[in-house]
Amino acid sequence: MKIRVATRGSKLSLLQTEMFLMRIKAVEPDVKFEIITVKTTGDLVQDRPLYEIGAKGIFEKEVNMALLRGDADIAIHSLKDLPSVISDELVIAGFSERETPYDVLASKSGYNIYTLPPGARVGTSSVRRAAFLKRVRPDVNIVPLRGNLDTRVGKVLNGVVDAAILAEAGLRRLYGAGAPLNLYRIRPEVIPPPPGQGIIAAVARRDDVGIIELLRRASDRRAAVEAAAERAFLKEVGAGCHTAVGGIAIAGPLGIEFLAAYASLDGRRAVFVRVFGESPEEVGTRAGRRLKEAMSSEGLKA
């Protein structure tokens, strides 16, 4: 059996693809793969922050088009890059074990959020990270930072910025225990992560029953539950990359805990909600509704 796999061509994307394909190999040892690398809008446009590009799914659309054209059988993504709604002809059918979902402050000097000197240059092109950082440190300078993960790490090492806010999962996957920067994990009550962070997702055509079943057998059950909750939240809130919204589900033996938050772009106002339940879709949807209600009561609009 041979499976054609579409993915982005960055070092991290290819590494994550290999990680997921190892999961498939574990349940179907005789399968062979053909890797098809795709350039996305997010890869090609590097001179503007993500929210200025003005397109949904800027790291997803072209990769999934390979599926829709029949050029590939599955597409591999970072789940956080998938918009709340994808083509009706496609389904997210596979989920890797979740790496830590939190953001980190990465620096050469070992800063944490609170020891950054006033005026420090902190790199990020994420509206969410910028807004929540402004909430606790309005005295630092936020510098747009684009590029693949290794490129952004290089900009910190070369002194372009004093620190950068990055996904811990990507750093762990790319560098293992040998990350070249000091990392300070940011609590979700300070900067909530985006839905899906830390999970590698596999997309298939909805009518390809055999591939879907294979991906589901290769999936991590806990990650699938947390992904379902966070995707339901994302759909309910309807937020895009221009909105400072975060949400994370943590599945445990007693149910699912969901933390969600919104911040105004200047960081001066924020609301947080926490929801508990058993059904992932119900918990995620309820978290989204609770967050919108909290925003409305505070006079905030997404």
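Points worth noting:
- Dividing the summed helix terms, -39500 (n - 2.57) for each DSSP H run of n ≥ 4, by the number of residues in the chain produces a 222 nm estimate of -10000 deg cm²/dmol to the nearest 500.
- Residue order, fewest to most surrounding Cβ atoms within 10 angstrom, among K108, K80, K32: K32, K108, K80
- Between the alpha-carbon centres of the stretch 112-137 and the stretch 276-294 there is a gap of 28 Å.
- Neighbour counts of C-beta atoms inside 10 Å place T285, T243, T151 in the sequence T151, T243, T285, starting with the fewest.
- Amide H partners (placed H, <5 Å) of R8, local residues excluded: V38
- Value of relative contact order over the chain, rounded to a whole percent, pairs C-alpha under 8 Å and six or more apart: 21 percent
- For the stretch 141-174 and the stretch 75-106, distance of Cα centres in Å: 20 Å
- Going from the fewest other Cβ atoms within 10 Å to the most, the residues V160, V104, V143 appear in the order V160, V143, V104.
- Sequentially through the stretch 164-172, phi angles give Karplus couplings (6.51, -1.76, 1.60; θ = phi - 60°) of 9, 9, 9, 7, 4, 4, x, 5, 5 Hz, Gly and Pro residues having no value and appearing as x.
- Residue pairs exceeding 24 angstrom between C-alpha atoms, taken from K11/K61; K11/K108; K2/K235; K25/K235; K108/K134: K2/K235; K25/K235.
Bear in mind that the values in this text are calculations on the coordinates, not laboratory data. This one's a predicted model, so the numbers in the text were calculated from it and none came from an experiment. Methodologically, a virtual Cβ is constructed for each residue, glycine included, from the backbone with ideal geometry; neighbour enumeration extends over all protein chains shown.
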